[in-house]
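In what follows, a structure is listed as structure tokens, so that the remarks can point back to it.
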């Protein structure tokens with residue numbers, strides 16, 4: 001018995017046990033399909049929002065004023081007031097949203113931004129049409 005591993009011998013052994021390899025592939029595929037049916041992934045809708053910043057103002061404070069303002073804007077976008085108004089408008093369009101609370105809605109919404117300019121507002125929800133409606137209404 002040798003302690004050396006040989007790729008050629010391994011491939012030869014696997015090719016003679018192709019039934020077991022195929023069965024493992026088939027079982028893994030079926031398991032993944034069943035798990036996808038039990039735990040469906042939410043749909044993602046994305047809207048873009050343009051945010052401008054006037055950098056002409058002169059501040060005596062050396063802090064990062066621009067990013068502080070953007071942080072405040074991001075907090076406002078996901079605030080209870082904005083999300084409450086979003087749910088109000090959604091429930092006018094579809095009665096499904098009447099039973100949803102702001103606390104249930106908040107984990108499904110995210111903002112992505114790096115700087116001034118294009119911000120992405122992303123909504124994840126069950127059902128493609130509802131996710132799209134949520135994203136558009138939130139924007």
Euclidean distance of C-alpha centroids, the range 6-20 and the range 87-123, integer Å: 53
Roughly what angle does helix 7-16 make with the longest principal axis of the chain, taking Cα atoms, 0 to 90 degrees, to the nearest 10? 80
Taking Cα atoms, how many degrees apart are the long axis of helix 80-93 and the longest axis of the chain, rounded to 10 and kept between 0 and 90? 80
Calculated diffusion of the chain, Stokes-Einstein form, Kirkwood radius summed over Cα pairs, 10 °C and 1.306 mPa s, µm²/s: 81
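R0 = 41 Å: FRET efficiency of residue 46 with residue 25, Cβ-based, nearest 0.05?
Details: r = 34 Å, r/R0 = 0.84.
The formula returns an efficiency of 0.75 here.
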Net length gained if the chain between residue 128 and residue 33 were fully extended (0.36 nm per residue, minus Cα distance): 32.2 nm
With Cα coordinates, the longest principal axis of the chain makes an angle with the long axis of helix 18-38, in degrees rounded to 10, of 20
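Since every read-out is calculated from the coordinates, none of them should be taken as a lab result. It should be emphasised that the depicted structure is a prediction, and the values quoted were computed from it without experimental measurement. Note that we place each Cβ from the backbone using ideal geometry, even for glycine, and neighbour counts take in every protein chain shown.
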